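The values are calculated or read from the model by the stated rules, or taken from the named source; none is laboratory data. These figures come from a predicted structure and were not determined experimentally. Ideal geometry is used to build each Cβ from the backbone, glycine not excepted, and the neighbour counts take in all protein chains shown.
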Amino acid sequence: MEVTRVPSILGIAGTILAFAGLALPLVYPTGGNLSSILLGLGTFCLLGYSTLHFRHLTALTRTRSTRLGAHSLFSVLLAGVVVTLLNFLAAKHAPEWDFSETQNFTLSRQTYQILRTLPQEVNLTVFTHEGSPGYGGYQDLLTTYSKESPLVTLTFIDPERQPDKVKEYQVSRIDTVVVESGSQKVYLQRASEADMTNALLRVTQDKKKRIAFVTGHGEKSLSDTESSGLSRAGDALTKQGYAIGTVDWQDAASDEADVLIVASSTEAVSSEDQQRISQFLKKGGRVLVMVDPASDAALDPLMTPWGIQLGSGILADEQDRLGRGSPTALLVRTFTTHDITEDFTTPILFPVSRSVTFDGAQGETWEYVALAQTSPESWEETDLKSPQPEFTSGQDAKGPFTVAGLLTRKPVDQSPGVQSAVLIVGNAAFAANGYLTYPGNTDFFLKAVAWLAQEDALVSLTPKDPAFHPFIPNPSQEQALVFFQVLFLPLLTLFLGLSIWKRRRSL
């Protein structure tokens, strides 16, 4: 009796030991050789069970049901092995096809060329986690970059698990990628091929583009951290890989900056100041001029020779404005197909703006392009003392109005290979600390500076039209949505419920 129980005990013990040996590394990775010992004992017990039951097992294999069951088991195991091998080979060697609607996983020809000619190693450090909105976009885009070039190293860091890395890289928000090569760093906050390719070029160049903010006539300060200051604009440009500084009006002509920024002067510029900017432009320089209504006519002597005139009133719009705020808080949604604005999908917030117009008779040496315009429902408010602007027929001019225009000097008036440019914006507050965090404002400011700095790699890439287009309603649309969601749908549901209840009760 005792002898007949031994084979059963060996079979049970062998099965338990074998499963324990297989499962131990999953729950106890530092188990060492214990897993191998358990597998060895389990195998020894199963061999003993098979030896003692050899005759019974031999007779069992002769039955028809056993042969069919073994055949089925063998087929399942063989199919599993084939699928596993195919997946392994596909992961290692199979080509990739992009069947997405907008070809988001296919890089442009320019990007492939840049990746294949990288002069040095580039590290991409992404601060995100799997639950973050930007995780998927970064993973899809940057994985493609790392596969195309052995010089690109990709690392994902969870900010919550590695706060020391966050402090080391001075990252202030999640979904940030740091493009780093040597001592050069560029910070990006979105998964954009154009931005990423441009960042690769910036960090692999020895010389940084220099952006200088002109001071001396009451301009907005680069060091001012208040809502009206430009400290955030300076930080954003620094993280884009630019060298940032200031220059006095008296030194503007001799400065070696690639771009001069005039941020809403409040004191009138002199004819000497005008001449210095003209000399800077003759050398192929480029200038960004931002003018708030509060600056009055301080910069008129500078812009009149260019053929630029600023409106005397303030632009207002009941349709395209920020939520239920003042009509003067414009949400500009109409853009031209210029390189600076052709891929814009998010409106720009221009608070308290002036219109920009071009007189070709005065600016004969310049070519003009309107970059951003208000809606046809906008108007130019002339009653500046009114707390609530309202359109007055016969007094206020009707839109659309240009709020940002670009001047480029005609080739016949410029040396070969050199082209001066001036970008005029009828508002400077959009780039101030209080408004720069608005997504459209950040994109417009950085794209404008990039184009002026002649970083054509950023703007020459053909942007992909996203499959998802965000919908930002105007006040009229907001009212319609509130009525539909808060009143119409609940009342419709109540009506249908009462109708069904009444019909069932009458049955």
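Mind checking which pairs have a first residue in region 254-273 that is at positive phi and a second that is among the small types (Gly, Ala, Ser), Cβ under 8 Å, 6 or more apart or different chains? What qualifies is Ser264/Ala294; Ser264/Ser295; Ser264/Ala428. Those residues that are farther than 16 Å from Arg190 by Cβ, among the charged types (D, E, K, R) and modelled with pLDDT under 90, I need them from region 123-159; list them, please. The answer is Glu130, Lys147, Glu148. Scanning region 183-240 for residues that are within 30 Å of Tyr112 (Cβ to Cβ), out of contact with any Asp or Glu (no Cβ under 9 Å at 6 or more places or on another chain) and hydrophobic (A, V, I, L, M, F, W, C) returns Met196, Ala199, Leu200, Ala236, Leu237.
Close contacts from region 180-207, counting a first residue that is under 27 Å from Thr345 (Cβ atoms) and a second that is among the aromatic types (Phe, Trp, Tyr), with Cβ to Cβ under 6 Å and a gap of 6+ residues or different chains, come to Ala191/Tyr138. Tell me which residues, restricted to region 211-245, are touching a strand residue (DSSP E or B) at 6+ places or on another chain (Cβ under 7 Å), more than 17 Å from Pro439 (Cα to Cα) and in a loop (DSSP other than H, G, I, E, B). Within region 211-245, Gly216, Glu219, Lys220, Leu222, Gly241, Tyr242 meet the criteria. Selection of region 340-355 for residues being more than 14 Å from Phe430 (Cβ to Cβ) and at pLDDT below 85 yields Glu342, Asp343, Thr345. So is Ser108 among the small types (Gly, Ala, Ser) and touching a residue at least 60 places away in the same chain (Cβ under 8 Å) or not? The answer is yes for Ser108. With a requirement of 1 or more residues that are surrounded by 12 or more Cβ atoms within 10 Å (Cβ to Cβ) and at pLDDT 65 or above, the helices (runs of 4 or more DSSP H) lying completely within region 1-82 that satisfy it span 2-27, 34-52. For region 176-210, residues that are of a type in the set (D, E, K, R) and in a helix (DSSP H, G or I) total 3.
Per-residue answers, yes or no, for (1) at pLDDT below 90; (2) within 26 Å of Asp296 (Cβ to Cβ); (3) touching a Leu at 6+ places or on another chain (Cβ under 6 Å):
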position	(1), (2), (3)
Ser172	yes, no, no
Thr176	no, no, no
Gly182	yes, no, no
Val186	yes, no, no
Ser223	yes, yes, no
Ser228	yes, yes, no
Thr238	yes, no, no
Asp248	no, yes, no
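Assigned to a helix (DSSP H, G or I) and either of a type in the set (S, T, N, Q) or surrounded by fewer than 22 Cβ atoms within 10 Å (Cβ to Cβ) (or both): is that true of Glu267 in this structure? So Glu267 does not fit the description; no. For Pro327, indicate whether it is surrounded by fewer than 16 Cβ atoms within 10 Å (Cβ to Cβ) and either in contact (Cβ under 8 Å) with a residue 12 or more places away in the chain or part of a strand (DSSP E or B) (or both). No.
Is region 315-324 home to any residue that is over 22 Å from Phe444 (Cα atoms), of a type in the set (Asp, Glu) and either within 26 Å of the chain's Cα centre (by Cα) or in the same structural domain as Leu436 (by TED's automatic domain parsing) (or both)? Yes, region 315-324 has at least one match.
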